1. Could you tell me whether region 57-70 includes any residue that is surrounded by fewer than 15 Cβ atoms within 10 Å (Cβ to Cβ), assigned to a loop (DSSP other than H, G, I, E, B) and modelled with pLDDT of 95 or more?
2. Which pairs have Cβ atoms under 6 Å, sit 6 or more apart or on different chains, and link a residue in region 86-103 that is farther than 21 Å from Gly28 by Cβ to one that is in a loop (DSSP other than H, G, I, E, B) and at pLDDT 80 or above?
3. Could we say that Leu76 is near ligand 1 (Cβ under 10 Å from one of its atoms) and outside any loop (DSSP other than H, G, I, E, B) here?
4. Of the conditions (1) surrounded by fewer than 20 Cβ atoms within 10 Å (Cβ to Cβ); (2) over 27 Å from Lys149 (Cβ atoms), Leu52 satisfies every one except a single condition; which number is it?
5. Output the number of the condition that Thr42 fails; it satisfies all remaining conditions of (1) among the polar types (S, T, N, Q); (2) within 21 Å of Ala93 (Cβ to Cβ); (3) modelled with pLDDT under 95.
6. Which ones in region 72-97 are surrounded by 12 or more Cβ atoms within 10 Å (Cβ to Cβ) and over 20 Å from Lys41 (Cα atoms)?
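The values are calculated or read from the model by the stated rules, or taken from the named source; none is laboratory data. The shown structure was predicted, so the numbers you read here are calculated from the model rather than taken from an experiment. Don't worry about glycine lacking a Cβ; one is built from the backbone with ideal geometry, like all the others, and counts go over all protein chains shown.
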Amino acid sequence: MPQLTRFLPTAEDTLALGAALAPRLEPGMVVYLSGELGAGKTTLARGILKALGYTGKVKSPSFALVELYKLSRLYLYHFDFYRFNDPRELEEAGFREHFSPDAVCLVEWPENAAGALPPADIRIEMRIAGTGRDVEIYADTETGRLCLKRFKH
Ligand SMILES: Nc1ncnc2c1ncn2[C@@H]1O[C@H](COP(=O)(O)OP(=O)(O)O)[C@@H](O)[C@H]1O
Ligand SMILES: [Mg+2]
């Protein structure tokens, strides 16, 4: 059962959902962002980063696989495993250490690194629905449940 289900009519609504989640994120949390290409995963990450005070352009890390953001309140790694096909590469690239108690990790296309990633505290599943997007948010750990507790957005 998802902890939260929403219909997001426009991209602005996706940014706003990210902004509402941002203050609830704590270092050490792992957030999976799932959904087909164009579902709004990077837009949600943008909403989170802007609300955490990042004023630059949020790039889609498809080619680099990961971008690090040093924000005033926390460190955030934004992964995108779209172009990833061998979970063993994760070890070779030294990504494991990014999943530390010091940083929030947002992960697009976690399915492509299945088995090599730590489990998610929160899973956000997005789907194209007409001109808008459906989103379901699941809490998989106690940390995740606490994060979403009384989330009113
Ligand atoms: N709720 C929404 N309704 C309509 N369009 C959206 C919504 N959220 C995001 N978009 C748009 O969908 C497109 C793809 O978004 P993006 O975040 O890059 O998807 P993904 O990272 O899942 O591939 C962008 O043009 C974005 O503005
Ligand atoms: Mg993306």
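1. To start, the set of residues in region 57-70 that are surrounded by fewer than 15 Cβ atoms within 10 Å (Cβ to Cβ) comprises 57, 59, 62-64, 68, 70.
Checking which are assigned to a loop (DSSP other than H, G, I, E, B) leaves us with 57, 59, 62-64.
Restricting the remaining residues to those that are modelled with pLDDT of 95 or more gives none.
Within region 57-70 (the criterion being surrounded by fewer than 15 Cβ atoms within 10 Å (Cβ to Cβ), assigned to a loop (DSSP other than H, G, I, E, B) and modelled with pLDDT of 95 or more), the answer is no, since none of the residues qualifies.
2. Close Cβ pairs (under 6 Å, with a partner that is in a loop (DSSP other than H, G, I, E, B) and at pLDDT 80 or above) amount to Pro87/Gly115; Pro87/Ala116.
3. Details: near ligand 1 (Cβ under 10 Å from one of its atoms): no; outside any loop (DSSP other than H, G, I, E, B): yes.
Judged against the criteria, Leu76 is not a match.
4. Only one criterion is unmet by Leu52, namely (2).
5. Result: Thr42 fails condition (3) only.
6. Of everything in region 72-97, those that are surrounded by 12 or more Cβ atoms within 10 Å (Cβ to Cβ) and over 20 Å from Lys41 (Cα atoms) turn out to be Arg73, Leu74, Pro87, Glu89, Leu90, Ala93, Phe95, Arg96.
Let's see how each residue does on (1) within 25 Å of Val135 (Cα to Cα); (2) among the aliphatic types (A, V, I, L, M); (3) in contact with a Ser or Thr (Cβ under 9 Å, 6 or more places away or on another chain):
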residue: Leu21; (1), (2), (3): yes, yes, no
residue: Lys41; (1), (2), (3): yes, no, yes
residue: Thr55; (1), (2), (3): no, no, no
residue: Phe63; (1), (2), (3): no, no, no
residue: Leu74; (1), (2), (3): no, yes, no
residue: Asp80; (1), (2), (3): yes, no, yes
residue: Glu111; (1), (2), (3): yes, no, yes
